[in-house]
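Please read the structure below before turning to the comments.
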Amino acid sequence: MGDLAKRWNGAELRALIRDNEVHRAVYTDPEIFNLEMARLFRASWAYVGHASQVPNAGDYFTTTVGAEPVVIVRRGDGGISVLINRCSHKGVRLVSEGSGNLGKFIRCPYHAWTFGTDGALQNIPLREGYDGTGFDAAEARLGLARAGAVEVYREFVFCRLNDEGIRFNDYFGESLSTLDNMVDRAPAGRLEVAGGVLRYMHQCNWKMLAENQTDTCHPMVAHESSAGTTVRIWNEQPEGTPKPMAVEQFAPFASSYKFFDNMGIRIWPNGHGHTGVSDSIHAAYSPIPGYHEAMVAAYGEERTRHILGEVRHNTVYFPNIMVKGPIQTLRVFRPLAADRTLVESWTFRLVGAPDLLFERTCMYNRLINSPASIVGHDDLEVYERAQQGLQTGFRDWVNVGRLFQTGEGTANAEVVRGTSEAQMRNQFRAWLRFMAPPQELAP
């Protein structure tokens, strides 16, 4: 990282971000991408999984944080560890991708070094062979590298890789209210990861995906051929025809500028924000029989009205996840290279809710977020065109200035017009704080 820090010092990085413009290099430069992995994704808080994915002692789930392979493990004491998936001996990846159960310890498949589910080194075969070799001062004796901090919030597991840095509550603040609402929508007050995961590759920079979640000036354009066609065909049906669940989910993507503008955007510090302050594309779904009754039995009429009246559309948790509370989905944008991002789309079951509600969640994920989606491929096409276009040597700056106001972003939470690009600017202010900290300002 030392050479990268010299190539891109703090002053040079700050010169890439203006109040209403972003230099194309932040999307295309491989060195900036590597610096993001070393700084931004280690210093910020990243979502790594859900506690329901590791319900029993020894259960594990593998994933990545930025460029780092990690494994989430349920310890014997009931706690959750987030460990770097690398043996401290020869560097072998300890745990295969996916999930399973490790038992009471983690055993390296190469030389059988064993580690506790907290990462501590437990045993080395032929241990006497290290006597008098200076092993007590060797890095290998420290066991597995661990995330610097782990927080489990409403069963959502987050970590900060660095040992020191911003605290969890300071990083997320009021934005955690989206997760609260998502969990509170379950009559039992609990979520479970269910329905598998959809994955597909995007040949574009990860920040394009994060930005697009609050870009409300593109749906009626990019999705005209998909959602717009759905609406046209539906309007040709005889009056009184029952509206299919798929039409309910497709049609709002063709809503007008006025609809999205009135929807509003709320932005919070550190790059977080959500669309859907007063309305959203999820607000007019048909009632699910028995669901409201189950909620009232659990929470009472007034609180149920408050919980279900929240209509948030997309909540971005910077740097790279998006949550849809009303439809119970979560998308992770996994950066692989400056021009390559793997998208994972997860679904959650509301414990205690009717099965039809989960069916709607899974249908939405398949219709909108899957590799076979007709809506998702509209976005995929423009992302990849943008990545290609930004390679040109003409026009260095990307404009993010719609409805810009001097001094924005100074409040704890701000609500702006739904077609504003304020949340994009908010993300880049956060990007700068982690990428170009004060100690890096000197040339």
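The values are calculated or read from the model by the stated rules, or taken from the named source; none is laboratory data. Since the structure is predicted, the reported quantities are computational estimates derived from the model, not experimental observations. We place every Cβ from the backbone using ideal geometry, glycine too, and count neighbours over all the protein chains shown.
Filtering the stretch 19-34 to residues that are over 26 Å from G173 (Cβ atoms) and of a type outside the set (S, T, Y) leaves E21, H23, R24, A25, D29, P30, E31, I32, F33, N34.
Whether a residue is small (G, A, S) and under 23 Å from N169 (Cα atoms) was assessed, and S52 passes this test.
Determine if the stretch 132-140 includes at least one residue that is among the aromatic types (F, W, Y) and either in contact (Cβ under 8 Å) with a residue 24 or more places away in the chain or touching a Pro at 6+ places or on another chain (Cβ under 7 Å) (or both). Full working, then the answer.
Of the stretch 132-140, the ones among the aromatic types (F, W, Y) are 135.
Filter once more, so that each one left must be either in contact (Cβ under 8 Å) with a residue 24 or more places away in the chain or touching a Pro at 6+ places or on another chain (Cβ under 7 Å) (or both): none.
Checked against the condition, which is being among the aromatic types (F, W, Y) and either in contact (Cβ under 8 Å) with a residue 24 or more places away in the chain or touching a Pro at 6+ places or on another chain (Cβ under 7 Å) (or both), the stretch 132-140 yields no hits at all.
When the stretch 94-116 is filtered for residues that are surrounded by fewer than 16 Cβ atoms within 10 Å (Cβ to Cβ) and in a loop (DSSP other than H, G, I, E, B), the ones remaining, listed by number, are S96, E97, G98, G103, K104, P109, Y110, H111, A112. Residues in the stretch 64-103 that are closer than 27 Å to A138 by Cα and hydroxyl-bearing (S, T, Y) were compared, and the one that is modelled with the lowest pLDDT is S96.
For A38, indicate whether it is more than 30 Å from I124 (Cβ to Cβ) and outside the structural domain of Q203 (by TED's automatic domain parsing). Criteria met by A38. When residues in the stretch 233-257 are screened for being in a loop (DSSP other than H, G, I, E, B) and in contact (Cβ under 8 Å) with a residue 60 or more places away in the chain, 0 of them pass. Candidates in the stretch 258-298 are the residues that are aliphatic (A, V, I, L, M), in contact with a strand residue (DSSP E or B) (Cβ under 9 Å, 6 or more places away or on another chain) and not in a loop (DSSP other than H, G, I, E, B); of these, the one that is surrounded by the fewest Cβ atoms within 10 Å (Cβ to Cβ) is M263. Residues that are of a type in the set (S, T, Y) and out of contact with any strand residue (DSSP E or B) (no Cβ under 8 Å at 6 or more places or on another chain) within the stretch 212-249 comprise S225, S226, T229, T230, T241, listed in sequence order. You will find that of F41, F61, F115, the residue that is under 27 Å from the mean Cα position of the chain (by Cα), among the aromatic types (F, W, Y) and more than 29 Å from L432 (Cα to Cα) is F61 and no other.
Conditions (1) exposed (fewer than 15 other Cβ atoms within 10 Å of the Cβ); (2) charged (D, E, K, R); (3) within 21 Å of M263 (Cβ to Cβ); (4) over 18 Å from the mean Cα position of the chain (by Cα), marked per residue:
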residue: N314; (1), (2), (3), (4): no, no, yes, no
residue: I321; (1), (2), (3), (4): no, no, yes, no
residue: R331; (1), (2), (3), (4): no, yes, yes, no
residue: L342; (1), (2), (3), (4): no, no, no, no
residue: E381; (1), (2), (3), (4): yes, yes, no, yes
